[in-house]
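Following: one structure in structure tokens, then a few remarks.
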Amino acid sequence: MAALTLRQEIRARVAAALAACNAEHEWNLPAELAFEVTRPRNPDHGDFSANVAMTAAAALRKSGVNLPPREVAAQIAGRLPKDGAMAAVDVAGPGFLNLKVAPAWFWDRVADTVLHPSRTGRLDVGQGRWIQVEFVSANPTGPLHFGGARNAVLGDGLARVMEACGYSVQREFYVNDAGAQFDLFVQSLLAACVQLHGGRAEFPPDGYRGAYMHEYAAAACERLGTDWLADAEGAADALRGPALDIVLEDVRSEISLLGIEFDQWFSERALHESGQVEAAIARLADQDAVYRAEGAVWFAASRYEGNDQDVVLVRSNGVPTYFAADAAYHWDKLRTRGFDRVLNVWSVDHQGHVPRMQALVEAMGLDRAKLKIVLYDLVKLVRDGNEVAMSKRSGSFLTLREVVAEVGSDAVRFMLLTRAPESVVEFDLARVVEQNPENPVYFVQYSHARLCSILVRAQAEGLLLPDADDIHGHLRIHLGHPAELELARLLTELGDQLLAALERSSPHNLTYYAMRIASAVNGFYRDCRVLDRSQPGLSGARLCLCDAARIVLARILHLLGVNAPASM
RNA sequence: GCCCUCGUAGCUCAGUUGGAUAGAGCACCGGCCUCCGGAGCCGGGAGCACAGGUUCGAGUCCUGUCGAGGGUACCA
């Protein structure tokens with residue numbers, strides 16, 4: 001398993017060269033001078049580019065040494081050892097250090113990928129640390145609407161990225177089965193059950209009225225029989241459990257349409273019933289973070305950074321708020337269960353909740369750095385240019401199930417992961433359906449299928465990949481075409497792309513990376529004939545490149561939760 | 001009012017945490033099947049809301065203006 005990505009490796013070399021210059025010339029630069037090694041978009045600028053001379057020159061100027069960046073760059077360049085991974089070094093522009101890697105180095109990486117497919121796209125930065133991703137966690141009051149799909153896809157994408165980076169990941173759904181919304185849902189369902197039996201029932205004023213309530217009511221009545229309705233007072237309590245089961249089964253089956261499964265469904269009600277909510281409040285009181293006012297119990301959030309208002313923990317009627325349960329819940333996550341890190345995926349309408357939550361974690365004496373909250377913006381569902389309303393209570397919304405049925409899981413996942421979490425997504429159903437064959441997801445899948453097809457066909461034609469012990473040398477002899485190099489170079493970005501997706505909590509980087517690879521595969525396919533019985537050596541080498549590209553594409557698609565079909 | 005996020009091509013969106021000549025898909029126009037999958041390839045037009053500032057260098061950071069969405073509950 002590669003401990004470092006190629007970019008990290010190059011950066012370490014540059015840092016070492018800088019340190020050598022620093023010592024020799026007594027520049028007195030800080031040991032951790034900030035600089036970047038990037039992949040320049042202009043290929044004339046080499047495979048990697050470092051801005052180290054500019055930042056070093058700026059630091060030197062502050063300490064009275066006036067050395068032009070290009071001069072500093074030249075000094076550092078002189079200290080860089082040359083080998084395959086650093087074949088040429090140029091000083092360019094205002095003082096960029098442009099580094100070129102020898103083609104043979106890329107051929108070796110292609111060979112490594114083919115020899116060890118299970119190692120590609122895996123890093124060990126997580127070192128097995130236990131991390132929880134809590135996502136979706138929609139109120140258990142009905143099917144998920146399409147915003148829930150974005151949450152599901154993003155959360156699962158993040159979980160997959162973290163797994164690939166060496167974390168042990170637990171996926172959790174927090175079930176809000178204790179609040180007013182769930183009560184309202186139960187009351188609404190009760191009314192629907194009564195109506196189902198021909199009785200006259202009053203729907204709660206703001207109750208849930210979607211068509212799905214009739215199906216839920218039928219399912220509930222089937223489980224409970226008919227007698228339970230006779231007991232007018234106990235009916236709601238009797239309904240509570242079955243209602244939760246029914247709605248969670250529905251949600252679970254919807255989520256599974258996207259290929260997602262939760263490891264745990266964590267009940268808010270259980271926190272109340274076990275006394276953990278009270279205990280959490282007591283803990284906050286011990287820290288003097290709690291006071292009484294206006295008959296309610298308050299958390300003094302305003303003492304903490306980013307908060308200007310205090311928050312109610314226990315209402316004046318004695319009922320604890322959702323926020324109090326959140327205290328118990330996060331204590332349970334971070335202390336009782338001991339996750340090294342906890343990631344919550346929330347929609348923007350919870351943004352005001354973020355600083356309060358962080359204050360709460362800090363107030364309980366927990367490390368707030370262990371809690372990371374990823375916010376994503378809403379999905380604006382549009383059909384034929386008109387926005388589709390999404391209100392669960394009125395029932396006028398499009399469910400995740402309906403959208404997946406219409407456009408397919410792969411298209412939904414890929415589409416939702418081509419947007420940065422913080423951007424508003426406009427999802428035009430009519431257009432997605434129309435453009436189905438032109439959808440970028442098929443572009444990537446097609447590229448993968450074509451590679452598979454070539455590899456299968458090669459076998460039929462008796463063209464073979466080189467032997468394992470000969471593969472490195474074989475590729476060095478036969479590869480060299482620019483299209484081959486471009487593809488090989490791109491494939492080596494996988495580690496850095498994965499790391500970027502991890503650090504920035506943005507799996508969408510990977511979708512764009514996959515599209516670039518697919519494009520490079522097409523260019524390679526155009527310019528380089530793979531199957532050629534008159535040149536078995538060249539064919540073998542190019543088959544290796546096909547196989548490596550196939551492995552990397554399949555890996556990325558897996559990380560996105562999208563299928564990688566061998567044929568389409 | 002205050003706080004957060006966002007204004008990039010006709011449309012939908014990326015932009016490697018401040019890098020060199022800003023990209024992709026769709027749409028539009030023009031080319032490419034004697035050949036491993038044309039769901040493809042090649043070419044073309046068109047863009048960083050506006051005004052300042054910071055510095056070697058700004059789509060990216062700061063301030064202001066305009067515009068969009070969200071938040072500001074003893075709801076969750």
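Read-outs throughout are calculated quantities, based only on the coordinates presented, and are distinct from any laboratory measurement. Please read all numbers here as calculations on a predicted model, not as lab measurements. Cβ placement follows ideal geometry from the backbone for every residue including glycine, while neighbour counts extend to all protein chains displayed.
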Inset, instruction - Among A:THR141, A:ASN386, A:ALA282, pick out the residue whose Cα is farthest towards the positive end of the charge dipole of chain A, where Lys and Arg carry +1 and Asp and Glu carry -1 on C-beta, about the Cα centre. - result: A:ASN386
Inset, instruction - Give, in nm to one decimal, the length gained when the segment between A:PHE443 and A:THR336 is fully stretched (0.36 nm per residue of separation minus the Cα-Cα distance). - result: 33.9 nm
Inset, instruction - Would you kindly derive the ³J(HN,Hα) couplings of the range A:258-271 from the backbone phi angles with the Karplus curve 6.51 cos²θ - 1.76 cosθ + 1.60 (θ = phi - 60°), listing them in order in whole Hz, with x for Gly and Pro? - result: 9, x, 10, 10, 8, 7, 8, 10, 9, 8, 5, 4, 4, 5
Inset, instruction - Between the alpha-carbon centers of the range A:171-205 and the range A:10-73, tell me the distance in whole angstrom. - result: 64 Å
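State the antiparallel share, in %, of DSSP beta bridges confined to chain A, rounding to the nearest 5.
DSSP beta bridges in chain A are roughly 50 percent antiparallel.
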Inset, instruction - Enter the Cα centre distance for the pair the range A:91-111 and the range A:358-387, rounded to the nearest angstrom. - result: 40 Å
Inset, instruction - Run the quick spin-label model on A:ARG526 and A:LEU4: label points 7 Å from Cα toward the beta carbon, then report their separation in nm to one decimal. - result: 3.7 nm
Inset, instruction - Check cross-link reach from A:LYS380 to the lysines: straight Cα distance under 23 Å, and skip same-chain residues fewer than eight apart. - result: A:LYS392
Legend entry - DSSP-loop trypsin sites (Lys or Arg not before Pro) across the range A:37-87, with at most 13 other Cβ within 10 angstrom: A:ARG41, A:LYS82
Legend entry - Cα→Cβ-extended label distance, 7 Å offset, between A:GLN127 and A:GLU261, nm: 3.1 nm
Inset, instruction - Any chance you could give the angle, 0 to 90 degrees and rounded to 10, that helix A:103-115 forms with the longest Cα principal axis of chain A? - result: 50 degrees
Inset, instruction - Give a residue-ordered list of calculated ³J(HN,Hα) values for the range A:553-568 (Karplus: 6.51 cos²θ - 1.76 cosθ + 1.60, θ = phi - 60°; whole Hz; x for Gly, Pro). - result: 4, 4, 5, 5, 4, 4, 5, 8, x, 10, 5, 10, x, 7, 8, 10
Legend entry - Charged-residue dipole, Cβ positions (Lys, Arg, Asp, Glu), the range A:1-125 about Cα centre, Debye nearest 20: 220 debye
Inset, instruction - Collect residues whose amide H, placed 1.01 Å from N in the peptide plane, falls under 5 Å from the amide H of A:HIS145; neighbours closer than 5 in sequence don't count. - result: A:LEU400
Inset, instruction - Name the shape class, rounded, prolate or oblate, that the alpha-carbon gyration tensor gives for chain A, where a ≥ b ≥ c are the square roots of its eigenvalues, rounded holds for a/c under 1.5, and otherwise prolate holds if a/b is larger than b/c and oblate otherwise. - result: oblate
Legend entry - Helix A:276-286 vs. chain A, principal-axis angle (Cα, 0 to 90°, nearest 10): 80 degrees
Inset, instruction - Set the Förster radius R0 to 51 Å, insert the Cβ-Cβ distance between A:VAL456 and A:ASN386 as r into 1/(1 + (r/R0)^6), and round the FRET efficiency to 0.05. - result: 0.65
Inset, instruction - Using amide H atoms built 1.01 Å from N in the peptide plane, name the residues 5+ places from A:LYS380, or on other chains, whose amide H lies under 5 Å from its own. - result: A:VAL425, A:GLU426, A:PHE427
Inset, instruction - Please identify every one of the GluC sites (Glu not before Pro) in the range A:160-227 that sits in a loop by DSSP and has no more than 15 other beta carbons within 10 Å of its own beta carbon. - result: A:GLU202
Legend entry - Rounded tilt (10° steps) of A:212-224 against the dominant C-alpha axis of chain A: 60 degrees
Inset, instruction - Order these peptides, A:20-33, A:410-423, by their mean beta-carbon neighbour count within 10 angstrom, highest first. - result: A:410-423, A:20-33
Legend entry - Cβ-Cβ FRET estimate between A:ASP245 and A:ALA88, R0 fixed at 60 Å, reported to 0.05: 0.35
Inset, instruction - Provide the per-residue ³J(HN,Hα) series for the range A:16-33, in order, calculated from phi with Karplus coefficients 6.51, -1.76, 1.60 and θ = phi - 60°, each as a whole number of Hz, with x at glycine and proline positions. - result: 5, 5, 4, 4, 4, 4, 4, 5, 5, 9, 6, 6, 6, 6, x, 4, 9, 4
Inset, instruction - Calculate for chain A the 222 nm mean residue ellipticity that helices alone would give, adding -39,500 (n - 2.57) per DSSP H run of length 4 or more and normalising by residue count, nearest 500 deg cm²/dmol. - result: -16000 deg cm²/dmol
Inset, instruction - Could you give the size of the charge dipole of chain A about its Cα centre, using +1 on the Cβ of each K and R and -1 on the Cβ of each D and E, expressed in debye and rounded to the nearest 20? - result: 1620 debye
Inset, instruction - Show the residues, 5+ positions off or on another chain, whose built amide H is closer than 5 Å to the amide H of A:ALA88. - result: A:LYS100
Inset, instruction - With +1 on each Lys and Arg Cβ and -1 on each Asp and Glu Cβ, and nothing else charged, work out how big the dipole of the range A:57-110 is about its Cα centre, in Debye to the nearest 20. - result: 180 debye
Inset, instruction - Report the antiparallel proportion of the DSSP beta bridges in the range A:19-170 as a percent, rounded to a multiple of 5. - result: 80 percent
Legend entry - Proximal lysines to A:LYS82, defined as alpha-carbon separation beneath 24 angstrom and excluding residues fewer than eight positions away on the same chain: A:LYS100
Inset, instruction - Provide the gained length on full extension for the span A:ASN28 to A:ALA296, in nm with one decimal, where the gain is 0.36 nm per separating residue minus the Cα-Cα distance. - result: 90.6 nm
